[in-house]
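Note sheet for the following structure.
The values are calculated or read from the model by the stated rules, or taken from the named source; none is laboratory data. These numbers were taken from a predicted model, which means no experiment stands behind them. Because the Cβ atoms are built from the backbone with ideal geometry, glycine has one as well, and the counts that use them run over all protein chains shown. Just the protein is used for accessible areas: all its heavy atoms, side chains included, with ligands, DNA and RNA removed. Shrake-Rupley method; radii C 1.70, N 1.55, O 1.52, S 1.80 Å.
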Amino acid sequence: MALVNCIESELNEVKSQIAKETQFKSSSLEELLEYEMNGLDRHLFPAIVLTIGKITEDNREVNISLASIFQYVFLAHSIHRLVDKEDVKASTRQYSVLIGDFLFGQTFYKICDESLYKYAWEFVKVIETINEGVIMRWRLKDKTMSAKDYSIIISKERAALTRLAGRLAAKVAGLKEPYQQRIEDFCYSIGMAWAAWEENIYTSIVHEYLINAKRYLDELKDSLPIRPLQEFFYFFCQGINQDIKGEELLLNIK
Amino acid sequence: MHQQKKVFKEVTIDLGKVEKELEKFLRVDDPILAQTCIYLLKAGGKRMRPGFTLLSGKFFDYNFEKLLPVAMALEIIHMATLVHDDVVDASLTRRGRPTLSAAWGNSVSVATGDFLFAKALEMIVKIDNIEVSKELAKVCIQMGRGEIQQIKSSYDVDQDFKQYLYRIKRKTALLIGLCCKLGAMVSRADKRQIWILSTYGHCLGIAFQIVDDILDITADSKILGKPIGGDIRQGIMTLPMIYALKYSPDQSRIRELLHKKNKTEGEVEEAIYLIKKSGGIEKSRKIVDLYIEKGIKNLKELPDIPSRKALIELARFVAERSY
């Protein structure tokens, strides 16, 4: 899967920052816990923040920190969800809980940076929302889930976080309010499409939100230099192996 | 419980307010989370952490309104860690009641713990004091490191006192130290005063954890509210075990028992018997006393108010407790 070229160096910095901060007394996170990640799991959150940052090229260091923070929240939540699996090994159960907690701690520590602390409240609220989603999923686990309920769940579990990533990255980039709103909508759509694609329960949701995302990009293209976001969208569509419809969307971008 | 209530009498009224505010704050919209949060709150608990924060504040410019969110956040963090600990240890009972994971399953427990963690941070962020937030964040990271190390080193019978100290410092002492530190910080204590109370809390936390580890071998399970021998079953090397491994004439048998992963109940009982016989409990108690003395040593520099006496009594209570 092609990465977003324009953010390659920043993405590498995020990766090395995370690797350094998740070292546990001579073991790395990967050595303690088997956790499979695809390209989107590894890169999507940092890529959202960094590509939005590329629109104005401002606040590079803050963007790198912000990208790491979003990746930490995503990872912490995903790793915690390993306990949901049946027949999970004892060591996996233990490490998933503890490493997830550690990552939440790391998240909060990075938020306590002077330039990001003003957003702490929003991070705290999104972590609450994510867990409300988890609980809602649990409550409906033995029932047939309607598309509406399913949308609420993935909206809380995933899209709330991609939306926040869009909003904060746009704020850090210094974009004006109407553009922040559009970028936020774009990122929310990406989160919905991503989560729905992963579980493959309602494919209509994937298509619906991909089309929305494309529309939001189109609305921005005459007012902002959104080439980085278009590259990001291309990366995302490739990541979810979008079929002809996705290709069509991309033809307009390339 | 009676003795503990007595030492907290300086702040009893305010602790009652903390309890009420916790109930209000955790009355959340989601029906499941509302139930699990209340379940945890009603499980009781010693509420020592808010007690430490309030008592520490008493020495300086005591402002309950400012201390309240800190005290609440610290108690909620403690609750969240207990919920997750029970998932990690697959514990079935705590304080004589089914754990949240036993009653609701691991998914709900982990989500409740995460939700509580976020609620605690919500409280802290409201204060809008970046230094307070930073202190809490640092401790959260270290707590995580300590817990991870505990699992990494389970069944490792070659651990020494230093490695044990690394773990319990992070697992317990840093949070109790923080309770005292933040109580002082929010009440405008100076650097030296903050250090004295932080050191007191830290030492008390170390002593508290060693006593916990002793009780896991010596307590009456009915009084303790959970079965004894849990650490032996899970391969967690505690100080009485480390001493038994070092000094007992039966050390090779103890080594064999503690290293074994799936022990029978008979083997757990045998390990308990041999650890008690080794003198490891008495040696551990001496370390408890050393930390208690170290903790209270500098308190004399603080004003001679009833809170000082309470902190000293609390330290003695921690050392002598049986639950």
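Things to note:
- Considering residues of the range B:80-98 that are touching a residue at least 40 places away in the same chain (Cβ under 8 Å), surrounded by fewer than 19 Cβ atoms within 10 Å (Cβ to Cβ) and part of a strand (DSSP E or B) only, the residue nearest to the other protein chains (Cβ to nearest Cβ): B:T93
- Residue among B:E301, B:E269 that is surrounded by fewer than 16 Cβ atoms within 10 Å (Cβ to Cβ) and under 30 Å from B:R192 (Cα atoms): B:E301
- Residues that are within 14 Å of chain A (Cβ to nearest Cβ) and not in a helix (DSSP H, G or I), drawn from the range B:1-26: B:L26
- Considering only residues in the range A:4-32 that are outside any helix (DSSP H, G or I) and surrounded by fewer than 16 Cβ atoms within 10 Å (Cβ to Cβ), the one that is modelled with the highest pLDDT turns out to be A:Q23.
- Some residue of the range A:33-42 being buried (at least 21 other Cβ atoms within 10 Å of the Cβ) and in a helix (DSSP H, G or I): no
- Count of the range B:120-138 residues, restricted to those that are hydrophobic (A, V, I, L, M, F, W, C), within 7 Å of another protein chain (Cβ to nearest Cβ) and open to solvent by less than 30 Å² (accessible area, probe 1.4 Å), is 3.
- For the range B:99-118, the candidate set comprises residues that are within 21 Å of the chain's Cα centre (by Cα) and within 7 Å of chain A (Cβ to nearest Cβ); within that set, the residue that is farthest from A:R93 (Cα to Cα) is B:A118.
- Hits in the range B:34-47 - residues which are surrounded by fewer than 23 Cβ atoms within 10 Å (Cβ to Cβ), part of a helix (DSSP H, G or I) and of a type in the set (A, V, I, L, M, F, W, C): B:A34, B:I38, B:L41
- Residue in the range A:43-60 that is in a helix (DSSP H, G or I), aliphatic (A, V, I, L, M) and either without any contact (Cβ under 8 Å) to a residue 24 or more places away in the chain or facing chain B (nearest Cβ under 7 Å) (or both) present: no
- Residue within the range B:61-79 that is open to solvent by less than 20 Å² (accessible area, probe 1.4 Å), within 14 Å of another protein chain (Cβ to nearest Cβ) and not in a helix (DSSP H, G or I) present: no
- A:D101 being modelled with pLDDT under 95 and in contact with a helix residue (DSSP H, G or I) (Cβ under 7 Å, 6 or more places away or on another chain): no
- Filter pass, A:Y95 being farther than 21 Å from B:D86 by Cα, of a type in the set (S, T, Y), crowded, with 18+ Cβ neighbours inside 10 Å and facing chain B (nearest Cβ under 8 Å): no
- Test: residue in the range A:67-75 that is facing chain B (nearest Cβ under 8 Å) and outside any loop (DSSP other than H, G, I, E, B): no
- In the range A:134-157, the residues that are within 11 Å of another protein chain (Cβ to nearest Cβ) and part of a helix (DSSP H, G or I): A:V134, A:I135, A:M136, A:R137, A:W138, A:R139, A:K156, A:E157
- Candidate set from the range A:100-133 (those that are of a type in the set (A, V, I, L, M, F, W, C), more than 7 Å from chain B (Cβ to nearest Cβ) and assigned to a helix (DSSP H, G or I)); member that is farthest from B:V83 (Cα to Cα): A:I111
Yes/no per residue for (1) within 18 Å of B:S107 (Cβ to Cβ); (2) in contact with a Ser or Thr (Cβ under 9 Å, 6 or more places away or on another chain):
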| residue | (1), (2) |
| --- | --- |
| A:S26 | no, no |
| A:L32 | no, yes |
| A:Y35 | yes, yes |
| A:L40 | no, no |
| A:H43 | no, no |
| A:G53 | no, no |
| A:N63 | no, no |
| A:H80 | yes, yes |
| A:V83 | yes, yes |
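- Residue in the range A:225-237 that is within 20 Å of A:L44 (Cα to Cα) and of a type in the set (S, T, Y) present: yes
- Filter pass, A:T129 being among the hydroxyl-bearing types (S, T, Y) and either surrounded by 15 or more Cβ atoms within 10 Å (Cβ to Cβ) or touching a residue at least 60 places away in the same chain (Cβ under 8 Å) (or both): yes
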